[in-house]
Amino acid sequence: MDRTGEIAMVVAAVGRTAVRAGRPVVVGVSGPCGAGKSTLARALVLALPGSVRLRGDDFLDPARSHRRSSDWDGVDRARLVATVLRPFRDGTPSRFRRYDWAAGRLGEPEPVPRADVLVVDLVGLLHPEVLPVLDLTVWCDTDPAVARCRGQRRDRLLGRSHDRLWDEVWVPNDRDFAARFQPREAADLLYLPVGTPGTVGPTGSGPTSCDNGGSDDRSRPAGAP
């Protein structure tokens with residue numbers, strides 16, 4: 001398992017994975033809530049020609065993701081694997097449905113994107129149900145307490161208050177998932193986010209306060225962990 005604070009090293013790892021595979025590859029980015037998954041995924045797509053991002057929030061069930069579980073039951077992994085990840089890797093046409101948070105239901109079917117690399121960022125992603133169809137796995141190795149601070153700061157920037165969910169659901173779910181499935185140990189690469197997107201820091205460093213990191217992501221659905 002490699003550790004890095006440089007996006008360029010993650011990009012290089014994706015390139016090596018794609019060459020070895022000789023087909024479209026899926027990069028799975030995961031970590032605790034607030035760890036910087038979406039920020040890293042967006043940076044990777046900017047740095048990788050021929051890549052697309054699949055937003056993990058599109059595969060969250062709002063009701064179930066607001067309940068306690070030891071396996072992040074609110075993540076619809078079966079739908080993600082069957083309708084997107086497996087067809088993408090195989091190069092076979094498929095259609096999938098994003099969850100429409102505004103409408104409160106699944107959206108209209110749309111084609112799975114065609115690309116060389118698919119980057120998906122999602123909590124609870126490094127799970128036995130999904131790992132076999134992930135070609136490269138990246139764990140955002142932010143300290144859980146710092147990730148929580150960053151996530152709550154992000155919510156405040158967006159004018160949202162989810163403190164009860166952080167305290168009673170999302171942090172405990174992250175803790176239980178880590179104990180049960182050891183996603184950090186399962187990852188191919190540990191990414192150590194430092195400060196703002198794209199910055200480089202020494203191995204082992206990371207955001208140390210609520211003021212470092214976090215993003216004002218207006219596209220993020222209200223109520224998403």
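Residues that are closer than 18 Å to residue 174 by Cβ and in contact with a helix residue (DSSP H, G or I) (Cβ under 8 Å, 6 or more places away or on another chain): does the range 89-102 have at least one? Within the range 89-102 (the criterion being closer than 18 Å to residue 174 by Cβ and in contact with a helix residue (DSSP H, G or I) (Cβ under 8 Å, 6 or more places away or on another chain)), the answer is no, since none of the residues qualifies.
Residue pairs whose Cβ atoms lie under 6 Å apart, separated by 6 or more positions or on different chains, with the first residue in the range 1-23 and within 13 Å of residue 190 (Cα to Cα) and at pLDDT below 90 and the second surrounded by fewer than 16 Cβ atoms within 10 Å (Cβ to Cβ) and not acidic (Asp, Glu), are 3/203; 5/200; 5/201; 6/200. Note on the range 60-101: residues that are among the hydroxyl-bearing types (Ser, Thr, Tyr), assigned to a loop (DSSP other than H, G, I, E, B) and under 16 Å from residue 118 (Cα atoms) total 2. Residue count for the range 113-129 satisfying the condition of being crowded, with 21+ Cβ neighbours inside 10 Å and either without any contact (Cβ under 8 Å) to a residue 40 or more places away in the chain or over 13 Å from the mean Cα position of the chain (by Cα) (or both): 1.
To keep it simple, each residue is scored yes or no on (1) under 16 Å from the mean Cα position of the chain (by Cα); (2) hydroxyl-bearing (Ser, Thr, Tyr).
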{"site": "9", "(1), (2)": "no, no"}
{"site": "20", "(1), (2)": "no, no"}
{"site": "26", "(1), (2)": "yes, no"}
{"site": "30", "(1), (2)": "yes, yes"}
{"site": "35", "(1), (2)": "yes, no"}
{"site": "38", "(1), (2)": "yes, yes"}
{"site": "49", "(1), (2)": "no, no"}
{"site": "52", "(1), (2)": "yes, no"}
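Here residue 152 meets the list (1) farther than 30 Å from residue 93 by Cα; (2) among the polar types (S, T, N, Q); (3) out of contact with any His (no Cβ under 9 Å at 6 or more places or on another chain) almost entirely, failing just condition (3). With respect to (1) crowded, with 22+ Cβ neighbours inside 10 Å; (2) closer than 22 Å to residue 171 by Cβ, the lone exception for residue 68 is condition (1). Which residues, counting only those in the range 3-36, are out of contact with any strand residue (DSSP E or B) (no Cβ under 7 Å at 6 or more places or on another chain), among the hydrophobic types (A, V, I, L, M, F, W, C) and closer than 30 Å to residue 165 by Cβ? Once the filter is applied, which keeps residues that are out of contact with any strand residue (DSSP E or B) (no Cβ under 7 Å at 6 or more places or on another chain), among the hydrophobic types (A, V, I, L, M, F, W, C) and closer than 30 Å to residue 165 by Cβ, the range 3-36 yields 7, 33. Filtering 18, 63 for residues that are among the hydrophobic types (A, V, I, L, M, F, W, C) and surrounded by 17 or more Cβ atoms within 10 Å (Cβ to Cβ) leaves a single hit, 18. Residue pairs whose Cβ atoms lie under 6 Å apart, separated by 6 or more positions or on different chains, with the first residue in the range 80-106 and farther than 30 Å from residue 19 by Cβ and touching a residue at least 60 places away in the same chain (Cβ under 8 Å) and the second assigned to a loop (DSSP other than H, G, I, E, B) and not aliphatic (A, V, I, L, M), are 101/221.
The values are calculated or read from the model by the stated rules, or taken from the named source; none is laboratory data. Everything numeric here is computed off the predicted structure, so don't read it as measured data. All Cβ positions, even for glycine, are placed from backbone atoms using ideal geometry, and neighbour counts span all protein chains on display.
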